[in-house]
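Trainee: Attaching a single structure in structure tokens format; questions to follow.
The values are calculated or read from the model by the stated rules, or taken from the named source; none is laboratory data. Just so you know, these numbers come straight off a predicted model, no measurement behind them. No Cβ is skipped: glycine too gets one built from the backbone with ideal geometry, and neighbour counts run over all protein chains shown. Surface accessibility is based on the protein's heavy atoms, side chains included, excluding ligands, DNA and RNA. Shrake-Rupley method; radii C 1.70, N 1.55, O 1.52, S 1.80 Å.
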Amino acid sequence: MALDHTRAPVLEALETYRREGLLAFTPPGHKQARGADPAVREVLGDAVFLGDVLASGGLDDRLTRGRVLERAEELMADAVHADHTFFTTCGSSLSVKAAMLSVAGPHEQLLIGRDAHKSVVSGLILSGIEPVWVEPRWDAERHLAHPPSAEAFEKAFADHPDAKGALVTSPTPYGTSADLRAVAEVCHRRGRPLIVDEAWGAHLPFHPDLPSWAMDAGADICVTSIHKMGSGLEQGSVFHLQGDLVPPEVLKLRADLLGTTSPSVLLYAGLDGWRRQMMLHGKDLMGAALDLVTELRAAVGRIEGLHVEGREDFCGPGLADDFDPLQVIVDLSGLGISGFQAADWLRAERNIEAHLADHRRLGAQITHGDDRETTGELLSALRDLAQAAPELRPAPEVYVPPPSELRLAQARPPRDAFFGPAENVPVEKAAGRIAAEMITPYPPGIPAVLPGERLTEPVLRYLRTGKEAGMNLPDPSDPELNTIRVLEAEEE
């Protein structure tokens, strides 16, 4: 029986809660804004507090007999061609951990693309899963990693036949995608599940001109951040499941192990409303966004000194299989400035926040929430940036090692290294030592150093010069990177 996608169970339940004027002697303690600090109410507005109710014993009754959340999840699964969908209010950082734990356990192997997000590495540390790293496809000219190929996963399975499954990140924050159908086939020939970290792909199911959606490509579990390219609130995430390689009850148990017992109904409402919006209007909205970004990409490409990277740059033999054009990645090499400088200038001078920045690029994501006014502001700011570039030059040098030097050897399992006896050593003396922490340029959030990897001078030089040039490194124990946390010498 066809489901009714004009319905939004969470939003409807919230409307009923307000209309009936339920008087709660339960959390949250602000009691429908009445107890909230006046200054907070002034900034946030009362609507935030009015929508902040308990999920059970508020949005639904104490035994959840109204099946509010369950019905919303069923509608979401139907919208994206999944068998089961689970909402989470802890972001895809939790969702991907739950997915990993549903496929492998302590001391079991999981094939993982080395361009994985730091949340995946956190999952390894917490679970004790042993990673088998699968190399991304490196573009040595542009110093950029694309998702690993199906052939790379095939070889990894051949070398590690006991691996319980595979995890690939697609699309990347730069918009590049794997051939998910081919990777899924590699896994399924062995009866192993494929997890896709598709945090940047919430919009993909809703227009045929976008890269393939993981569920349509045959993935078993797909993790999606609705707040990234969709209309959800920050931390709103879903994970989808299909097939019989991962039992839904197992995935639910693993998610329950990690998730909060106090989920935000506000986030549930954002997820529910976004699904309805996309099912009713998604193709038109995404089509308009694609038309808009085509115009923007062409106009930015006409600015002297700027190159808008696209399919012809990122896709081809040895590179990515597909590309999401809504990620507008601009190479600034022709201006002689770095992405870090450009991002800082845009925020300070034009009140514009870039999506990502690296040693040579700036990224801006375009969604269905943009229009010609917002893209016009971005275009005008980039033209001004090009004019201002001589005042910003020269760009601080960032040493980017070749791919052969960028990868570190995994000398210890991540969990063992993270929890092992450790000490802080000066960065200039850290080469040869085993890291006991993550060091992650952010965004895009792909660790350059993992716990258990043996540090080398080229990678340390990359991080030191990057830090000096403006790279954001949010996770090392020493924010200034004067020291690095490593295993004690006798442990090596």
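Trainee: What is the number of the single condition among (1) without any contact (Cβ under 8 Å) to a residue 40 or more places away in the chain; (2) buried (at least 19 other Cβ atoms within 10 Å of the Cβ) that GLU391 does not meet?
Mentor: It is condition (2) that GLU391 fails.
Trainee: Another question, if that's okay. All but one of (1) open to solvent by 30 Å² or more (accessible area, probe 1.4 Å); (2) closer than 20 Å to HIS359 by Cβ; (3) over 24 Å from the mean Cα position of the chain (by Cα) hold for GLY432, so report the exception by its number.
Mentor: Unmet for GLY432, out of (1) open to solvent by 30 Å² or more (accessible area, probe 1.4 Å); (2) closer than 20 Å to HIS359 by Cβ; (3) over 24 Å from the mean Cα position of the chain (by Cα): (2).
Trainee: Of the residues in the stretch 78-104, how many are assigned to a helix (DSSP H, G or I) and farther than 29 Å from MET279 by Cβ?
Mentor: 3
Trainee: Could you give every pair whose Cβ atoms fall below 9 Å, whose first residue belongs to the stretch 409-438 and is on the phi > 0 side of the Ramachandran plot, and whose second residue is open to solvent by 20 Å² or more (accessible area, probe 1.4 Å) and assigned to a helix (DSSP H, G or I), counting only separations of at least 6 or pairs across chains?
Mentor: If the second residue must be open to solvent by 20 Å² or more (accessible area, probe 1.4 Å) and assigned to a helix (DSSP H, G or I), the pairs left are GLY432/GLU457.
Trainee: Another question, then. Give the residue, chosen from LEU63, LEU75, that is touching a strand residue (DSSP E or B) at 6+ places or on another chain (Cβ under 9 Å), at pLDDT 95 or above and over 20 Å from GLU234 (Cβ atoms).
Mentor: Just a single option satisfies the conditions, and that option is LEU75.
Trainee: If the requirement is being of a type in the set (D, E, K, R), under 26 Å from the mean Cα position of the chain (by Cα) and either open to solvent by 60 Å² or more (accessible area, probe 1.4 Å) or within 30 Å of HIS355 (Cβ to Cβ) (or both), which of these qualifies: GLU457, GLU468?
Mentor: Just one listed residue meets the conditions, GLU468.
Trainee: Follow-up. Could you list, in sequence order, all residues of the stretch 181-212 that are touching a Gly at 6+ places or on another chain (Cβ under 7 Å) and either small (Gly, Ala, Ser) or open to solvent by less than 40 Å² (accessible area, probe 1.4 Å) (or both)?
Mentor: Within the stretch 181-212, ALA184, CYS187, PRO193, LEU194, ILE195, ALA202, HIS203, PHE206, HIS207 qualify.
Trainee: Can you pull out the strands (runs of 3 or more DSSP E) entirely within the stretch 105-160 that have at least 1 residues that are in contact with a His (Cβ under 7 Å, 6 or more places away or on another chain), crowded, with 18+ Cβ neighbours inside 10 Å and acidic (Asp, Glu)?
Mentor: In the stretch 105-160, 130-134, 137-139 are the strands (runs of 3 or more DSSP E) which contain 1 or more residues that are in contact with a His (Cβ under 7 Å, 6 or more places away or on another chain), crowded, with 18+ Cβ neighbours inside 10 Å and acidic (Asp, Glu).
Trainee: Suppose the filter is in contact with a Pro (Cβ under 6 Å, 6 or more places away or on another chain) and either farther than 18 Å from PRO171 by Cβ or open to solvent by less than 10 Å² (accessible area, probe 1.4 Å) (or both); does VAL223 pass it?
Mentor: no
Trainee: Continuing with the same structure: Here's a check for you: in the stretch 439-454, which residue that is open to solvent by less than 10 Å² (accessible area, probe 1.4 Å) and not hydrophobic (A, V, I, L, M, F, W, C) is farthest from ALA417 (Cα to Cα)?
Mentor: GLY445
Trainee: Take residues that are open to solvent by less than 50 Å² (accessible area, probe 1.4 Å) and tell me which of the helices (runs of 4 or more DSSP H) falling wholly in the stretch 1-61 contain 1 or more.
Mentor: 9-20, 46-50
Trainee: Right, here's the next one. Does VAL223 meet the test of being under 22 Å from the mean Cα position of the chain (by Cα) and more than 18 Å from VAL293 (Cβ to Cβ)?
Mentor: When the stated conditions are applied, VAL223 passes them.
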